[in-house]
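Step one of this worksheet: look at the structure below.
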Amino acid sequence: MGAALIGGMLKAEVVEAARCTATTRTETSAAALEKRFGILATAGGNREAAQLADIVILAVKPVNVPKVLREIGDVLRADQILISLAASLPVAVIESEVPLPMPVFRAMPNIPVILEEGAIGICHNAVATRAQREMVECLFRAVGVVAWVDDEQMDAVTALSGSGPAYVYIFIEAMIAAGLKMGLSRDISTRLAEQTVLGAAKHVRDSGLHPAILRDQVITPGGVTIAAIHELERHGLRSMLISAIETATQHSKKRTKALLEQLDTSNS
């Protein structure tokens, strides 16, 4: 996700390559980032990078966030912005590992940020000012759509948009398979399926109409579309999607609870 975000922000020109520094665990991954994006990347060097930054983005596994914050804590400044991309780690936990009051943001981008078409849920602590919120929104709006939520809603964001691309990929894959079954070539099935999903999503976004209204515009009495929709409803497609996102939300909550227990154990 860190690399996807770097790529999206550089492509959108919201960040200059010369002003972006990435730190990784290995020289190999650092060299790969430098070659791919033309930025400064180092193995280690977390303290040096954080000390010079205006915005510090933590794109590490949730369990590693406290360790990284303890490493860079004494060089963080109150005028910096700290953004965590770690799933399942509440803002309060991040604040507890920071040695001074500072604006803390938690963001959940999804993988299409690399195409500037991401969906990003963001929450923040009480220290963040309006100007800082606008700065963070500007940063992420360059790579997608931003939605401000409460910290408690981030599990639902993770389930809906964080994992959401995987649901859509399955849907596209199934449409391609159906085209193959009906005799279309793989190339034609793929192009028609991907453009259908892309076009339908843009129609919802650009029209501002409820998807049900747009669906009804495609349906004709006794036609092909209503026959297909009846089959989808008969097999419970709508219910399955709702249940899947509900299950993913609950799983995210369980992960949060388990992570907090793990961190409490390691700190005791």
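General observations
- Count of region 117-127 residues which are closer than 19 Å to VAL14 by Cβ and assigned to a loop (DSSP other than H, G, I, E, B): 1
- Qualifying strands (runs of 3 or more DSSP E) (wholly inside region 1-76; at least 1 residues being within 22 Å of the chain's Cα centre (by Cα) and in contact (Cβ under 8 Å) with a residue 60 or more places away in the chain): 55-58
- Residue in region 91-104 that is assigned to a strand (DSSP E or B), surrounded by fewer than 16 Cβ atoms within 10 Å (Cβ to Cβ) and not aromatic (Phe, Trp, Tyr) present: no
- Total residues in region 62-77 satisfying the condition of being exposed (fewer than 15 other Cβ atoms within 10 Å of the Cβ) and closer than 27 Å to GLU13 by Cα: the figure is 1.
- Scanning region 8-24 for residues that are of a type in the set (Lys, Arg) and buried (at least 20 other Cβ atoms within 10 Å of the Cβ) yields a total of 0.
- Members of region 92-107 that are under 18 Å from ASP150 (Cβ atoms), at pLDDT 95 or above and not charged (D, E, K, R): PRO103, VAL104, PHE105, ALA107
- Test result for GLY183, free of Cβ contacts under 8 Å to residues at least 12 places away in the same chain and not in a strand (DSSP E or B): yes
- The single condition from (1) at pLDDT 95 or above; (2) assigned to a helix (DSSP H, G or I) that ILE114 fails is (1).
- Given (1) on the phi > 0 side of the Ramachandran plot; (2) surrounded by 14 or more Cβ atoms within 10 Å (Cβ to Cβ), index of the condition PHE37 fails: (1)
- For region 112-141, the set of residues classified as over 15 Å from ASP54 (Cα atoms), surrounded by fewer than 19 Cβ atoms within 10 Å (Cβ to Cβ) and aliphatic (A, V, I, L, M) consists of LEU115, ALA126, VAL127, listed by residue number.
The values are calculated or read from the model by the stated rules, or taken from the named source; none is laboratory data. These numbers come from a predicted model, not from an experiment. For neighbour counting, all protein chains shown are included, and Cβ atoms are generated from backbone atoms with ideal geometry for every residue, glycine included.
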